[in-house]
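What follows is a short report on a single structure.
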Amino acid sequence: MEGQQKILLLDDDETMLELYQQLLQELPSHPEVQTSTSGARAISLLDAEPFTLLITDLRMPKMDGLQVLSIVRRKFPHLRIVVLTALVDEEFRSRAYAQGVELFWQKPANGEEMQFFKDCIESLLDREYRQESGFRGMQSKSLVDLLQLECLSGGSSSLRITQGSLEGRIWMQNGDIIDAATGDLKGEKAFCEILSWRGGHFEILPPEANHPRLIAESPQALLLNTAQTIDEEKGDPHSTETEVLRKTSPLAALGRFEGVEFVLAIPLDEREPASSWGGENVEQLGGWARDSWRRMRQIGELLHAGDLSQMHGLGLQRHIALTGHAQKGLLCAGFRRVTPSATVEQTMKQMFAKWAS
């Protein structure tokens, strides 16, 4: 089909290739999706015909993904590249971005993450169609949706947002929102002003090395607090976003700690619901937390290890930490995956002290 976008998928796992080929063919732009199980074969296909986008794994035999990136970036400088891998390694991420990839994605673990991934790929294809100006309309998604997609990808970039004569910039670094500017405003005030714009266009620009960080809050805390501020300024205390924030306001202060993505307060009585700030699947997570805490306490009793004070573990997407209070129940927090374990442990102590007081 003339003008049809073309994607090349590279992975040595044929089952994964079949799955992602089918998923990407269902995108609204209906791209043509070809596959390859080796780097050499992928480079031959790129030599033979033009492609819009290359999506590649990193861990492959003979020629690994980083070698492919080095060759492809040199031979096809205008090709858009996305890394899709099960590897969780910041060094690989840094090396991939140094090769000029658009996105570095850990392979989605659930339906929601898969939908985010598909949205990001569609966004890249859409930007290719609009390369004359580099802008994409925002009628179908809010700016909050777009920022969440960029944060979830864990990438670094700067966004230029325009609405009529207004122009703003938002800087991102490794999935964090580090600064914003519009007019004479900077930092959080500028971010709040930009998010109050109800429409416009945006352009994703390369990251700016050594841009100073003026915003310290986690993306989730920043987005929720900004939404509340905007609703209050509009005099709309009954909006959905404000209602959610108001219900979780006792925990909102805990979300300001560095690295925190969500917080749950979980009563030990299973008949009582958990309260949440920034959390999803609260009921399931609360049940898991109660069960995990109970089992770990039982193990501690068998080993005569003393009272359980805190537990935390590293998952594919983030750190999860738990601490308990005899009367109030459990405090569960999710941290960005790059947060060091020692920082998680110390921050949980500070959060617990504030929560229990």
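The values are calculated or read from the model by the stated rules, or taken from the named source; none is laboratory data. On a predicted model such as this, the values are computed, not experimentally measured, just so you know. Note that each Cβ is placed from the backbone with ideal geometry, even for glycine, and that neighbours are counted across all protein chains shown.
Would you check if Leu23 is in the same structural domain as Ser123 (by TED's automatic domain parsing), closer than 19 Å to Phe104 by Cβ, part of a helix (DSSP H, G or I) and touching a residue at least 12 places away in the same chain (Cβ under 8 Å)?
Yes, satisfied.
Criterion applied to Ala265, Ala289, Ala253, Ala221 was being assigned to a strand (DSSP E or B) and at pLDDT 70 or above, and the one residue passing it is Ala265.
Considered as a group, the residues in segment 34-45 that are buried (at least 21 other Cβ atoms within 10 Å of the Cβ) and touching a strand residue (DSSP E or B) at 6+ places or on another chain (Cβ under 6 Å) include one that is farthest from Glu14 (Cα to Cα), and that residue is Ala42. Test Glu258 against the stated conditions and say whether it is modelled with pLDDT of 80 or more, within 25 Å of the chain's Cα centre (by Cα) and of a type in the set (Asp, Glu). So Glu258 does not fit the description; no. Every residue in segment 270-320 that is polar (S, T, N, Q) and on the phi > 0 side of the Ramachandran plot, please. Hit for segment 270-320 is Asn281, nothing else. Taking segment 43-147 as the region of interest, the helices (runs of 4 or more DSSP H) fully inside it that hold 3 or more residues being at pLDDT 70 or above, touching a helix residue (DSSP H, G or I) at 6+ places or on another chain (Cβ under 9 Å) and among the aliphatic types (A, V, I, L, M) are 65-75. The set of residues from segment 46-65 being within 19 Å of Gln99 (Cβ to Cβ), surrounded by fewer than 19 Cβ atoms within 10 Å (Cβ to Cβ) and aliphatic (A, V, I, L, M) comprises just one member, Met63.
Please find, among Leu285, Leu308, Leu314, the residue that is surrounded by 15 or more Cβ atoms within 10 Å (Cβ to Cβ) and in contact with a helix residue (DSSP H, G or I) (Cβ under 9 Å, 6 or more places away or on another chain).
Values: Leu285 fails: in contact with a helix residue (DSSP H, G or I) (Cβ under 9 Å, 6 or more places away or on another chain); Leu314 fails: surrounded by 15 or more Cβ atoms within 10 Å (Cβ to Cβ).
Just one listed residue meets the conditions, Leu308.
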